[in-house]
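**Q** The structure is given below, and queries will be raised subsequently.
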Amino acid sequence: AAGGGGGGAGSAWNRTGVTWEDKDVSKWASAELQQRVGGAAASLAADERLPRALLGCGLEARVCKVESCEGTATVTSSRGVLRHAFDYSFEAEWEVKPLPGGAEGGAEEGAADAADTVYSGRLKYSDVTAAESADVSTTYKKRPSELVAPRVTDALAELKAAVAEAVRGFEAQLRTKSI
């Protein structure tokens, strides 16, 4: 390959890569992003200081389904340099559920059934242009009680970190694409 700054970045007709060229990879990117985010999961270790009824048990958080994944992804070649860009929005259904184990007791009012409850809702991501740049909002199908909300919130924070890691993986895979 010939050319400067990363030579040969262009297509067959633009072997030197000196002419500006743009390739839409949105179809591939949408499927790849959905697949990676759809596999996001995290766990929160048990907190032995808390009884199981207050979710002292370990928690598993996972994305159940990715919906309405919309956006664009492109690979651009200009003066022999490849650039990769994406801008997506998506919604992910999530669930947090208790894992078996943990200390018994703690049947405080409102927490008695917490250890058997699956918490769920949606994470709405907008303006996803990099793993750390997304705007994220969280909704619940049913809000957890004040007694268990901190543990559910911590599990969701771990899940959001797993989604960010999935987006980083997507971005790395996008960077392997060429014109």
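**Q** What is the residue count in segment 119-149 for residues that are modelled with pLDDT under 95 and within 17 Å of Ser43 (Cβ to Cβ)?
**A** So the answer is 1.
**Q** Let me ask something else about it. What's the total number of residues in segment 68-83 that are in contact with a helix residue (DSSP H, G or I) (Cβ under 9 Å, 6 or more places away or on another chain) and either over 30 Å from Glu21 (Cα atoms) or open to solvent by less than 10 Å² (accessible area, probe 1.4 Å) (or both)?
**A** Total meeting the criteria: 3.
**Q** What number goes with the only condition from (1) open to solvent by less than 40 Å² (accessible area, probe 1.4 Å); (2) farther than 28 Å from Ala46 by Cβ; (3) in a loop (DSSP other than H, G, I, E, B) that Glu171 does not pass?
**A** (3)
**Q** For segment 132-151, what are the residues that are of a type in the set (A, V, I, L, M, F, W, C) and either in contact with a helix residue (DSSP H, G or I) (Cβ under 9 Å, 6 or more places away or on another chain) or farther than 16 Å from Glu60 by Cα (or both)?
**A** Ala134, Val136, Leu147, Val148
**Q** Now a separate question. Return yes when Ser43 is small (Gly, Ala, Ser), at pLDDT 90 or above, closer than 30 Å to Leu174 by Cβ and open to solvent by 60 Å² or more (accessible area, probe 1.4 Å) and no when it is not.
**A** Yes; evaluated as a whole, the condition is true for this residue.
**Q** For residues that are open to solvent by less than 60 Å² (accessible area, probe 1.4 Å) and not small (Gly, Ala, Ser), scanning just segment 20-40, find the one that is farthest from the chain's Cα centre (by Cα).
**A** Residue satisfying both the conditions and the ranking: Glu21.
The values are calculated or read from the model by the stated rules, or taken from the named source; none is laboratory data. The model shown is predicted, which means the values in this text are computed figures rather than measured ones. Heads up, the Cβs are rebuilt from the backbone with ideal geometry, glycines too, and the neighbour counts pull from every protein chain shown. For accessibility, only protein heavy atoms count, side chains too; no ligands or nucleic acids. Shrake-Rupley method; radii C 1.70, N 1.55, O 1.52, S 1.80 Å.
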